1. Apply the Karplus parameterisation 6.51 cos²θ - 1.76 cosθ + 1.60, with θ equal to phi minus 60°, to every residue of region 21-29 and state each ³J(HN,Hα) to the nearest whole Hz, in sequence, with x for glycine and proline.
2. Taking Lys64 as the anchor, which lysines have their alpha carbon closer than 24 Å to its alpha carbon, excluding any fewer than eight residues away along the same chain?
3. Quick check on packing: order 65-72, 100-107, 20-27, 54-61 by the mean number of other C-beta atoms within 10 Å, highest mean leading.
4. I need the phi-derived Karplus couplings for region 102-107: 6.51 cos²θ - 1.76 cosθ + 1.60, θ = phi - 60°, integer Hz, Gly and Pro marked x.
5. Give me a comma-separated list of calculated 3J(HN,Hα) values for region 7-16, in order, Karplus coefficients 6.51, -1.76, 1.60 applied at θ = phi - 60°, integers in Hz, x for any Gly or Pro.
6. Might you tell me the accessible area per residue for the chain, computed with a 1.4 Å probe and given in Å²?
7. Whenever you get a sec, compute what percent of the accessible area on the chain sits on carbon and sulfur atoms (1.4 Å probe).
8. Can you tell me which of 84-90, 41-47 comes out highest on packing, and rank the rest after it, using the mean Cβ neighbours within 10 Å?
Amino acid sequence: QVRLVESGGGLVQPGGSLRLSCRASGFAFSSYVMRWHRQAPGKEREFVASISSGGSTYYTDSVKGRFTISRDVAKNTAYLQMNSLKPEDTAVYYCNAIGNNLYWGQGTQVTVSS
């Protein structure tokens, strides 16, 4: 019933851009904080960005000025616009939702390489 379906990952060269999407269903999307995390091989999952139900955003320092999180309530979808990508951004990116419950998406691979 509850689903977070991610899309938009892929291979991009350094300096390029990607937009990740996370389409939600089965819960009250508008009431949840939406977040993006990422996990590189051999490393722990780390927080990337969040957006509250009121639209307040927060980013980890390493992506500030390059990434933008947003949400479209009408489409039950959260986005992560990723600009000026660097090789160190390479990771599996996970969408998650926190509110009455905690939900995670399946992850989408982002690879930044020349």
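1. Here the 3J(HN,Hα) series is 10, 9, 8, 9, 8, x, 8, 7, 3 Hz.
2. Lys43, Lys86
3. 20-27, 65-72, 100-107, 54-61
4. 10, 10, 10, x, 7, x
5. Here the 3J(HN,Hα) series is 7, x, x, x, 9, 9, 7, x, x, x Hz.
6. I get 52 Å² per residue for the chain.
7. Carbon plus sulfur share of accessible area: 45 percent.
8. Order by mean packing, descending: 84-90, 41-47.
The values are calculated or read from the model by the stated rules, or taken from the named source; none is laboratory data. Bear in mind that the values here come from a model prediction, so they are computed numbers and not experimental data. Here Cβ is always computed from backbone atoms with ideal geometry, including for glycine, and neighbour counts include all displayed protein chains. Each accessible area value is taken on the protein alone, full model and side chains, heavy atoms only, with ligands, DNA and RNA left out. Shrake-Rupley method; radii C 1.70, N 1.55, O 1.52, S 1.80 Å.
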